[in-house]
Amino acid sequence: MSRKKLTDEDYEDMARDYSEYPVAAEEVVGEIEYRDPVVLDRGRPAGDAGKGGNTPVTFIRFPTEIRERVEADGVKAAEIIRRAVVAYPNAS
């Protein structure tokens with residue numbers, strides 16, 4: 001059984017239906033989980049997890065001196081970069 005690829009019209013229909021008939025509390029089954037969209041899951045999914053979306057990749061030049069310093073603390077450079085990017089919007 002193959003699934004049809006949803007079109008813009010399909011999404012518009014779903015949005016219209018949701019606005020006319022919002023989900024009632026008694027229709028919610030199970031726990032509602034909130035996930036911060038800014039924070040990505042760490043690492044790669046397991047090989048049997050199926051094909052998911054692609055996480056964007058950005059390459060940067062990371063000075064050797066800084067890389068050696070953070071890795072000496074047991075933290076990978078990629079983790080430091082992720083933390084900095086997440087903290088950036090709140091820094092101003």
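Out of the residues in segment 1-13 that are within 23 Å of the chain's Cα centre (by Cα) and of a type outside the set (Lys, Arg), state the one that is modelled with the lowest pLDDT. Spell out the reasoning first.
Step one: list which residues in segment 1-13 are within 23 Å of the chain's Cα centre (by Cα), which gives 5-8, 11.
Filter again for of a type outside the set (Lys, Arg), leaving 6-8, 11.
Numbers: LEU6: 86, THR7: 89, ASP8: 90, TYR11: 90.
Among residues in segment 1-13 that are within 23 Å of the chain's Cα centre (by Cα) and of a type outside the set (Lys, Arg), the one modelled with the lowest pLDDT is LEU6.
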Query raised in the report: Between residues in segment 71-92 that are farther than 17 Å from ARG61 by Cβ and without any contact (Cβ under 8 Å) to a residue 24 or more places away in the chain and residues that are of a type in the set (D, E, K, R) and part of a helix (DSSP H, G or I), which pairs lie under 9 Å by C-beta distance while being six or more apart or on different chains?
Result: VAL75/ARG83
Query raised in the report: Mind checking which residues of segment 53-65 are without any contact (Cβ under 8 Å) to a residue 12 or more places away in the chain and either in a helix (DSSP H, G or I) or within 24 Å of the chain's Cα centre (by Cα) (or both)?
Result: GLY53, ASN54, PRO56, VAL57, THR58, PHE59, ARG61, THR64, GLU65
**Report entry** Long-range neighbours under 8 Å by Cβ, at least six apart or interchain, first residue within 30 Å of ARG82 (Cβ to Cβ) within segment 22-40, second at pLDDT below 80 and assigned to a loop (DSSP other than H, G, I, E, B)
**Finding:** LEU40/THR55
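Could you list, in sequence order, the residues of segment 79-92 that are part of a helix (DSSP H, G or I) and exposed (fewer than 11 other Cβ atoms within 10 Å of the Cβ)?
Here is the first cut: in segment 79-92, the ones part of a helix (DSSP H, G or I) are 79-91.
Listed by number, the residues that qualify are ALA84, ALA87, TYR88, PRO89, ASN90, ALA91.
The values are calculated or read from the model by the stated rules, or taken from the named source; none is laboratory data. All values derive from a computational prediction rather than experimental measurement. Methodologically, a virtual Cβ is constructed for each residue, glycine included, from the backbone with ideal geometry; neighbour enumeration extends over all protein chains shown.
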